[in-house]
Amino acid sequence: MSTAMTPRSQRRDIEVYFLAAPEDQSACEEIIKHLKPIIRSSPFPIEVNSDFNIPAGTEKEKHKQRLLEADIVLALISVDFINNDEVYGRNQKVIERYNKDETAMISILVRNFMWKSTPFVNLPLVPKNLQPLNNKQFWNSPDDAVTAVVSDIYDSINELARSQPEAIQPVPVAPVKPAPAPQAPAEAPRMQTEITDLGKEPAPSEALQPVPAAEVKPTAAMEMPAAQPKAEESMKELPPAVQPMHVAEAKRAPDLKPAPVVPVSAGTGQASASSTIAMDWRGKYYRAVVLKRAGAILLDQLLLLFVPFFLLGLGLGITGTDISETGLNWIAMFIYFVVMPIMESSKWQGTIGKRIMKLQITDREGDRVTFLRAFWRNIMRTVVFYSYFLVVPLIYQYIRFNKTRKLFHDELSGTVIGERLTGSAAAPIAVNAA
């Protein structure tokens, strides 16, 4: 498909652009591959572009500018999407266009993360069941996951096209030639013949008398072809909804409103798709991440250490038994390095505190972590925590976090903290009038 820049007034296709982090390139290409049958069978042109399918000989930066001209932007959201500064900067420009109703945005949940703390919660989100594409515990196969996403995207494109039908009406190739006007003399004798065949004298009525051809006036049904020397004049008599448009009058993205594209659900915390997205959402996202994780740590300290030790001390006091400080330390280590990794590697995918805060631990592929990985993560977290007292590791962590948006123990253990998802599909999303 040609990538030559065409004036907006002369472009009649729907342009879709995939915005994704480099780590999600394979997911982007897989979705585009599944879109091919829809593109080929579509009654209107659909052009798909991304950062990963730049045609040979095309300037890279110029091609990326297509993002700011697309009718629909599909954001493949993941923790890498949020953490990538380049993608973040380009996404800010897309948000500006979205706030002006110049483009539609649809979020594709590729990998689980705390997306409910991001502005994408205010956008249509696919899959509609809120299961990320890499959730192997939910999808039967990767193809099933991508097919669900492509189906939702296809519905969105159709809704977009139906909301502005004039944008994709066919252009008339040539003026339509009017049919020849009917000849009146042939009609008058036929009327007279039918009357005389009845064997009656025709009444002296002007309505039954033959009229010369020059005086015959065609009926309203006959009048249209005789009165239009050009097809364009007849189009003026048609309702505006069915008038074909010239190429120069075709409209695209500015009139394509994102609100009716994909229904959203109030039950999942999603707002109306037409709501304005705050430009400073990134800082709010990280503050929400810190608060959730800090809350989970405090709850674990309370429920897994303080409460068991309190009950243990209460029982020992009743029985009159004493226990040394070393014994208490061993119990704490057992809870921290055995009990908690067991919880994190189980179906819970997290400790009690993370369950309450609706968080879960996965590996980078979205799978449940093994006990050894969870065990290693807790060891790294302990080592990193005590290294902060040396100040230098704390400073390096701050610098490193600004680049990776991850803590050392998550990097070293290859784990990701994300929003907890249910194991079953959510109810179908209905239109929310809020």
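The values are calculated or read from the model by the stated rules, or taken from the named source; none is laboratory data. Treat the numbers as computed from the prediction; the structure is a model and nothing was measured. Reconstructed Cβ throughout: ideal geometry from the backbone, glycine too, with neighbour counts over all protein chains shown. Side chains included, ligands, DNA and RNA excluded: accessible areas come from the protein's heavy atoms. Shrake-Rupley method; radii C 1.70, N 1.55, O 1.52, S 1.80 Å.
Scanning the stretch 326-372 for residues that are open to solvent by 60 Å² or more (accessible area, probe 1.4 Å) and free of Cβ contacts under 8 Å to residues at least 40 places away in the same chain yields THR326, ASN329, TRP330, MET333, PHE334, ILE342, LYS347, TRP348, THR370, PHE371, LEU372.
The residue of the stretch 102-118 that is modelled with the highest pLDDT, among those that are of a type outside the set (D, E, K, R) and in a helix (DSSP H, G or I), is TRP115.
This table checks each residue for (1) touching a Pro at 6+ places or on another chain (Cβ under 6 Å); (2) β-branched (Val, Ile, Thr); (3) closer than 20 Å to VAL290 by Cα; (4) in a helix (DSSP H, G or I).
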site: LEU372; (1), (2), (3), (4): no, no, no, yes
site: TRP376; (1), (2), (3), (4): no, no, no, yes
site: MET380; (1), (2), (3), (4): no, no, yes, yes
site: VAL384; (1), (2), (3), (4): no, yes, yes, yes
site: PRO393; (1), (2), (3), (4): no, no, yes, yes
site: TYR398; (1), (2), (3), (4): no, no, yes, yes
site: PHE401; (1), (2), (3), (4): no, no, yes, yes
site: GLU411; (1), (2), (3), (4): no, no, yes, yes
site: GLY418; (1), (2), (3), (4): no, no, yes, no
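Within the stretch 43-101, the residues that satisfy the criterion of being closer than 19 Å to TRP281 by Cβ and part of a loop (DSSP other than H, G, I, E, B) are SER78, ASN84, LYS100, ASP101.
I'd like to know if the stretch 293-307 contains one or more residues that are modelled with pLDDT of 75 or more, part of a helix (DSSP H, G or I), surrounded by 15 or more Cβ atoms within 10 Å (Cβ to Cβ) and among the small types (Gly, Ala, Ser). Yes.
Of a type in the set (Ser, Thr, Tyr), under 22 Å from TYR17 (Cα atoms), touching a strand residue (DSSP E or B) at 6+ places or on another chain (Cβ under 8 Å) and modelled with pLDDT of 85 or more, is that true of THR147? Criteria not met by THR147. When TRP281 is tested against (1) under 34 Å from the mean Cα position of the chain (by Cα); (2) modelled with pLDDT of 80 or more; (3) open to solvent by less than 40 Å² (accessible area, probe 1.4 Å), exactly one condition is not met: (2).
Residue pairs whose Cβ atoms lie under 8 Å apart, sitting 6 or more positions apart in sequence or on different chains, and linking a residue in the stretch 133-145 that is open to solvent by less than 70 Å² (accessible area, probe 1.4 Å) to a partner that is β-branched (Val, Ile, Thr) and in a helix (DSSP H, G or I), are LEU133/VAL146; LEU133/VAL149. Just so you know, in the stretch 31-76 the residues that are over 17 Å from the mean Cα position of the chain (by Cα) and hydroxyl-bearing (Ser, Thr, Tyr) include one that is most open to solvent (accessible area, probe 1.4 Å), and it is SER41. Among the residues of the stretch 77-98, those that are surrounded by 15 or more Cβ atoms within 10 Å (Cβ to Cβ) and more than 30 Å from PHE138 (Cα to Cα) comprise ARG90, VAL94, ILE95, ARG97, TYR98.
Annotation: of all residues in the stretch 99-116 being open to solvent by less than 30 Å² (accessible area, probe 1.4 Å) and among the polar types (S, T, N, Q), the one that is farthest from ASN402 (Cα to Cα) is THR103. Selection of the stretch 373-397 for residues being under 23 Å from MET340 (Cβ atoms), among the aromatic types (Phe, Trp, Tyr) and open to solvent by 80 Å² or more (accessible area, probe 1.4 Å) yields TRP376, PHE385, TYR386, PHE389.
Of all residues in the stretch 337-370, which are in a loop (DSSP other than H, G, I, E, B) and among the acidic types (Asp, Glu)? Scanning the stretch 337-370 gives GLU365, ASP367. Does the stretch 395-406 include one or more residues that are under 29 Å from LEU130 (Cα atoms) and at pLDDT 85 or above? Taking every residue of the stretch 395-406 in turn, none turns out to be under 29 Å from LEU130 (Cα atoms) and at pLDDT 85 or above. Against the conditions (1) loosely packed, with under 15 Cβ neighbours inside 10 Å; (2) farther than 25 Å from SER78 by Cβ; (3) among the β-branched types (Val, Ile, Thr), VAL290 satisfies every one except (2).
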